[in-house]
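Note sheet for the following structure.
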Amino acid sequence: NNQTIHAHPGTEMSAALWQNLHLVHETQGQQSIATIRWELYSCKADKGTNIPHHITKLQELQGWLYEMGDIIPDPQFQAILLTLLPTSWDSYT
């Protein structure tokens with residue numbers, strides 16, 4: 001459905017969407033949620049990081065968690081995003 005597709009930004013190809021959905025729906029245990037949360041919180045961007053790509057990666061992780069029933073509200077996601085941007089982005093935030 002559209003909600004599922006929007007939870008996985010950057011996956012225009014059906015094979016990529018299927019891979020994401022398979023990952024989420026095959027591994028819904030608490031260990032999987034903890035692993036994805038750890039990846040989300042530790043995904044710090046360096047100075048040379050492609051920021052749009054970085055944001056897409058974070059949104060992808062948020063989408064996986066959403067699919068697993070672990071919802072991160074937008075204000076909390078924004079706070080996570082701001083803490084994971086490099087210091088060179090401080091003037092933008």
Loop chymotrypsin sites (Phe, Trp or Tyr not before Pro), region 36-93, which have at most 11 other Cβ atoms in a 10 Å radius of their Cβ (DSSP):
Tyr92
For Asp70, enumerate residues with amide H under 5 Å from its amide H, sequence gap 5+ or separate chain, H modeled in the peptide plane.
none
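A short reminder: the numbers here are calculations on the coordinates, not readings from a lab. The structure presented is a predicted model; accordingly, all values stated were derived computationally and were not measured. Positions of Cβ are generated from backbone atoms using ideal geometry, with glycine treated the same way; all protein chains shown enter the neighbour counts.
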